[in-house]
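Only one structure is covered here, and it is reproduced in the block below.
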Amino acid sequence: MSRERVPRSVAVVGAGLAGLACAGALRDAGHAVRLFDKSRGPSGRAATRRGEGWACDHGAQYFTADDPQFAAEVRRWCEAGVAAEWTPRLGVFGDAAPGSRREGPTRRFVGVPAMTAPARWLAAGQQLLPQHTIDQLRRDDDGWHLRSAEHGWLDAVFDAVLLALPAPQARDLLGGVHARLEALAASEPMQPCWSVMAVYDDDPLPQLDAAFVNQPLLSWICADHRKPGRAGAPCWLLHAQPAWSHEHLEAEQPWIVQQMLGAFAELGARGVPRHAFAHRWRYARGALADAPAAAWDPATGLGLCGDWLCGGRVEGAWRSGRALAGEVLAHAPRASLAG
């Protein structure tokens, strides 16, 4: 006597690492999964900007692997050539707050040749629909319907909808749809981050590869061109502090560039970049305290995952996506008994 799981039609909204990890596990279990993302490709905040003769990771900078399952996943990425260990000459400017730094040696990894590489590798073979900004959900008798800003109401109908989005974006989609999950998403506002990518003819700070910065304006600086597998002109990435980013969230980009490059010069950076660009991450960081790794309501077929539910960081995103897939699989309906 055996009972087999009934394949389900699942929509995963958000093709960052959480959504990709979730969708991959469900696809491997035999479910029909479609991934939707507002961008032109996968990776979410593990993002890379490219220009003529340069490239720069302007979102997530690296990842660690403390969880044994995620460590095994990172080994797979390294064996596939889409990630590598990174051992930077790492500095610190200013005094860190007590307990804000990891104790003991830290193994750091980056995507190769860019932070987008692991996500693109995970997306291979998945049914990904880019440039679909899902802005409304509706549940009818036949299942879940999705509307995108670009294409209107989509023809496909889904048994389950899983939101792998920053908390505020998930909250907006869940308004009037699911009160409990909406409240969970509303409880983590997430912090913003301004990023500046600066391209130079000559390296402005050759003695360092990266540094934590404990000052009012900057939080992190990194020589992106010296990460493993990189090539091109010297390019430095600067991240601003969350509080400063929030204070100047609506500022004009040229002013942001000027302010952040000025703070970089105060750290010893020499020269003027030939190009400098700013990018605003409105929902960059979040880590909801005492939250489940993922949230799933089997009665309605709605779920949530994301790094903000699982301690933040790249590792948290992957773990949350896998946790949500596990919840969905544990509650998947089964076919009637067959001998």
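Things to note:
- Residues in region 277-310 that are of a type outside the set (A, V, I, L, M, F, W, C), within 25 Å of Arg108 (Cβ to Cβ) and under 13 Å from the mean Cα position of the chain (by Cα): 5 in all.
Residue-by-condition table, conditions (1) of a type in the set (Phe, Trp, Tyr); (2) on the phi < 0 side of the Ramachandran plot; (3) surrounded by fewer than 20 Cβ atoms within 10 Å (Cβ to Cβ); (4) touching a residue at least 40 places away in the same chain (Cβ under 8 Å):
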| residue | (1), (2), (3), (4) |
| --- | --- |
| His58 | no, yes, no, yes |
| Gly94 | no, no, yes, yes |
| Ala119 | no, yes, no, yes |
| Leu122 | no, yes, no, yes |
| Pro130 | no, yes, yes, yes |
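- Residues in region 257-287 that are of a type in the set (A, V, I, L, M, F, W, C), within 25 Å of Leu165 (Cβ to Cβ) and buried (at least 19 other Cβ atoms within 10 Å of the Cβ): Ala278, Trp281, Ala284.
- Only listed residue being in contact with a Cys (Cβ under 7 Å, 6 or more places away or on another chain) and either aliphatic (A, V, I, L, M) or surrounded by fewer than 18 Cβ atoms within 10 Å (Cβ to Cβ) (or both), chosen from Ala210, Ala183: Ala210
- Among the residues of region 303-310, at least one is of a type in the set (Gly, Ala, Ser), modelled with pLDDT of 95 or more, under 22 Å from Val161 (Cα atoms) and outside any strand (DSSP E or B).
- If you go through region 293-327 and keep only what is surrounded by 24 or more Cβ atoms within 10 Å (Cβ to Cβ) and of a type in the set (S, T, N, Q), you end up with just Ser320.
- Single match in Ala23, Ala32, Ala18 (criterion: surrounded by 24 or more Cβ atoms within 10 Å (Cβ to Cβ), small (Gly, Ala, Ser), touching a residue at least 24 places away in the same chain (Cβ under 8 Å) and over 18 Å from Arg282 (Cβ atoms)): Ala23
- Residue check: Gly41 meets all listed conditions (1) farther than 20 Å from Leu238 by Cβ; (2) touching a helix residue (DSSP H, G or I) at 6+ places or on another chain (Cβ under 8 Å); (3) surrounded by 16 or more Cβ atoms within 10 Å (Cβ to Cβ); (4) not acidic (Asp, Glu) but one, namely (3).
- Strands (runs of 3 or more DSSP E) (entirely within region 38-126) containing at least 1 residues that are more than 24 Å from Tyr283 (Cα to Cα) and acidic (Asp, Glu): 83-86
- Under the condition of being more than 27 Å from Pro234 (Cβ to Cβ) and either without any contact (Cβ under 8 Å) to a residue 12 or more places away in the chain or β-branched (Val, Ile, Thr) (or both), the residues counted in region 183-204 number 1.
- Pairing each residue of region 66-79 that is over 12 Å from Gly111 (Cα atoms) with any residue that is at pLDDT 95 or above and of a type in the set (Gly, Ala, Ser), provided the two are 6+ apart or on different chains, yields C-beta distances under 7 Å for Ala71/Ala65.
- Of all residues in region 286-308 being in contact with a helix residue (DSSP H, G or I) (Cβ under 8 Å, 6 or more places away or on another chain) and among the charged types (D, E, K, R), the one that is nearest to Ala179 (Cα to Cα): Asp297
The values are calculated or read from the model by the stated rules, or taken from the named source; none is laboratory data. Model, not experiment: these values are computed from the prediction. Counting neighbours? That spans all protein chains shown, and the Cβs are built from the backbone with ideal geometry, glycine included.
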